[in-house]
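The values are calculated or read from the model by the stated rules, or taken from the named source; none is laboratory data. In this text the structure is predicted, and so the values were computed from the model without any measurement. We place every Cβ from the backbone using ideal geometry, glycine too, and count neighbours over all the protein chains shown. Note: accessible area is taken over every heavy atom of the protein model, side chains too, but ligands, DNA and RNA are not part of it. Shrake-Rupley method; radii C 1.70, N 1.55, O 1.52, S 1.80 Å.
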Amino acid sequence: MRLTRRKFVQSILGAGAAAGLPAFTACSGSSKASPPSRASLAPRSFDTSSAATFPKGFFWGTATAAYQIEGAWNEDGKGESIWDRFAHTPGKIKNGDSGDVACDSYHRWREDIALMRAMNLNSYRLSISWPRIQPSGSGTANSKGVDHYSRLVDALLEAHIRPLVTLYHWDLPQALQDAGGWTNRDTAARFGDYTQLVAHALGDRVSDWMLFNEPAGFVDLGYLQGMHAPGRQSLLDFLRATHVVNLAQGAGFRALKAVRTSARVGSAFSMSPCEPATNSEADKLAAARAHAMTNTWFLDPALRGRYPEALTFLPETAMRIKSGDMEKTRAPLDFIGINLYYRAIISAPPAMERATHTQEWLFPVKMDEGQQGSKTDSGWEVWPKALYDMVLRVTRDYNRPVIEITESGCSYNDGPDASGAIHDSRRIAYHAEYLAALAQSIADGADVRGYHAWSLLDNFEWAEGFSQRFGLTYVDFKTQQRTLKDSGRWYAKVAAENRVESE
């Protein structure tokens, strides 16, 4: 336990593969879940013995994040980010790794586009480094930073690959953190200004945008648990940051639409279905609370102008919610991005724990990882039904919105054999099974427009450093040589044929 008491937001899963964390680091201290419900013991199976065809015009892509691949951390006028500061702090990252060089994609982006072309991709989810555009988090744009992303966007379009641009993937300018970061209401306004600058620079060519990547992840892991930048461990900071990020999401949406009314704007939310451990009413209520915190804490303010019922009461004073704020959080997103890797098993904590721990009194939920599926090398359960369940839950609850799967993937650390080939059959099986589940969700009524595998490249996986490999491409971090894995070649066939053939 990194905190002296049980963690408050046990239900926030923290960003899927992009977080690069062992399974359920935010779980309660108990290692034993209640017995699974009958539904969990008999999951729906998805037929991978026959082909699954996807809708015409479906987007096949991969996803990356600036800090995880770019490197060049202090080149061409880029300012320091909270991840630069955090990774340079001894003891924060496994093996003392950092993103100083990462995959050197700031210089090797042409090689990366060549890999996408080899995989027949028609979409690339990338992120823009805020401190590369505004070194101090405010003021005029850094021309060299703008030029870099402008060249990248032009090259993607020339390759007939849609740039799906994420404006914030966790690398806040350190200067803004020094002023309070996401606990400071002014940061929401700064995010709106930054969004406007980028929209002016790239909006004539970029049509599809995401405001945030996994707000639940970076607020929980950065401000409550302290295992990610900026390394805070404060319940009060977590509550305040939650509200500022929701205000920023609304501000960014309005800023982008003001520059480009035709822009398609969404956010990428980390999601996991929250299954009650038993059929008891207490566990069902706990699962409902977990779903609200895990999956809709940053979605309902945007689409419904309110916080979902995750807590026993809403601490408005602690969150610094002012009159008129919830209208400012509104952002009628054009699509919902879902990042999904696994499910959660939820139970209610014993009455004594609720009575003696303030955080569990406010959020009475215990979360455990699923145990029935196989495990990836990062320890996460492989459970394709999670994707099916989550997509249909969002489809049902939000009146059939447009959905894009903005991340899904798995860590398997297979290396090159004697001939240099990387035979990662488990990764192929993972994506085949999750895509079969996704195809079934589309057949059952979901409006899903794309799938983005995490990730294009093996890269810097946050607190796990370079210890976990999620890429469809193998990266030798000493030489930066890139080699398509078997999974990358398999994915190329899927993208070319717009279908997943039986294996």
With unit charges on the beta carbon (Lys/Arg positive, Asp/Glu negative), name the residue among GLY181, PHE460, THR62 whose Cα is farthest towards the positive pole of the charge dipole of the chain. GLY181
About the Cα centre of the chain, what is the dipole size in debye to 20, counting +1 per Lys and Arg Cβ and -1 per Asp and Glu Cβ, all else neutral? 880
Environment charge at PRO131 (Cβ cut-off 10 Å; Lys +1, Arg +1, Asp -1, Glu -1): -1
What net charge do the residues around ASN74 carry, taking every other residue with its C-beta under 11 Å from that of ASN74, with Lys and Arg at +1 and Asp and Glu at -1? -3
When ligands, DNA and RNA are left out and all protein chains stay put, how many square angstrom of accessible area per residue does the chain have with a 1.4 Å probe? 35
I'd like to know which of TRP109, GLY96, GLY79 lies farthest towards the positive end of the charge dipole of the range 76-130, counting +1 on Cβ of Lys and Arg and -1 on Cβ of Asp and Glu. TRP109
Please report, in debye to the nearest 20, how large the charge dipole of the range 80-206 is about its Cα centre when each Lys and Arg carries +1 at its beta carbon and each Asp and Glu carries -1 there. 240
Can you list the HN-Hα couplings for the range 417-424, worked out from phi with the Karplus curve (6.51, -1.76, 1.60; θ = phi - 60°), rounded to whole Hz and with x for Gly and Pro? 7, 4, 8, x, 7, 10, 9, 9
Give the ranking of HIS88, HIS148 by solvent-accessible surface, highest area first, calculated with a 1.4 Å probe. HIS88, HIS148
Suppose every K and R has +1 on its Cβ and every D and E has -1 on its Cβ; what is the size of the dipole of the range 177-315 about the Cα centre, in Debye to the nearest 20? 460
Multiply the residue separation of ASP186 and GLU111 by 0.36 nm, subtract the distance between their alpha-carbon atoms, and state the gained length in nm to one decimal. 23.1 nm
Rounded, prolate or oblate, given the Cα gyration tensor of the range 220-357, with a/c below 1.5 counting as rounded? prolate
Out of the total accessible area of the range 121-170 (probe 1.4 Å, heavy atoms of protein only), what percent is carbon and sulfur? 51
Which shape class, rounded, prolate or oblate, goes with the range 440-498 when its Cα gyration tensor gives a ≥ b ≥ c as root eigenvalues, a/c under 1.5 marks rounded, and past that a/b bigger than b/c marks prolate? oblate
Excluding ligands and nucleic acids, what accessible area in Å² is computed for CYS103 using a 1.4 Å probe, to the nearest 10? 0
Just to be sure I understand the model, the point goes 7 Å from the Cα along the line to the Cβ. What's the resulting SER207 to SER280 distance in nm? 5.3
How would the chain be classified by its alpha-carbon gyration tensor: rounded, prolate or oblate, with rounded meaning a/c under 1.5 and the a/b versus b/c comparison settling the rest? rounded
Give me the distance between the Cα centres of the range 430-485 and the range 67-114, rounded to whole Å. 20
Rounded to a whole number, what % of the accessible area of the range 251-381 do carbon and sulfur atoms account for, probe 1.4 Å? 53
Backbone N under 13 Å from the ASP100 label point (7 Å along Cα→Cβ), restricted to the range 67-82: 71-75
So between PHE313 and GLN371, what do we pick up on full extension, going 0.36 nm a residue minus the alpha carbon distance? 17.7 nm
Can you work out the Karplus-derived ³J(HN,Hα) for every residue in the range 293-299? Use 6.51 cos²θ - 1.76 cosθ + 1.60 with θ = phi - 60°, whole Hz, and x for glycine or proline. 6, 6, 10, 10, 4, 10, 9
Computed lengthening from GLU75 to SER425, 0.36 nm per intervening residue step minus Cα-Cα distance: 122.2 nm
Neighbourhood charge, 10 Å Cβ-Cβ cut-off, centred on PRO273 and excluding it, Lys, Arg +1 and Asp, Glu -1: +1
Given charges at Cβ of Lys, Arg, Asp, Glu: the range 211-296 dipole, positive-most of ALA216, GLY226, PRO273: ALA216
Report the relative contact order of the chain, percent, no decimals, based on alpha-carbon pairs under 8 angstrom and at least 6 residues apart. 22
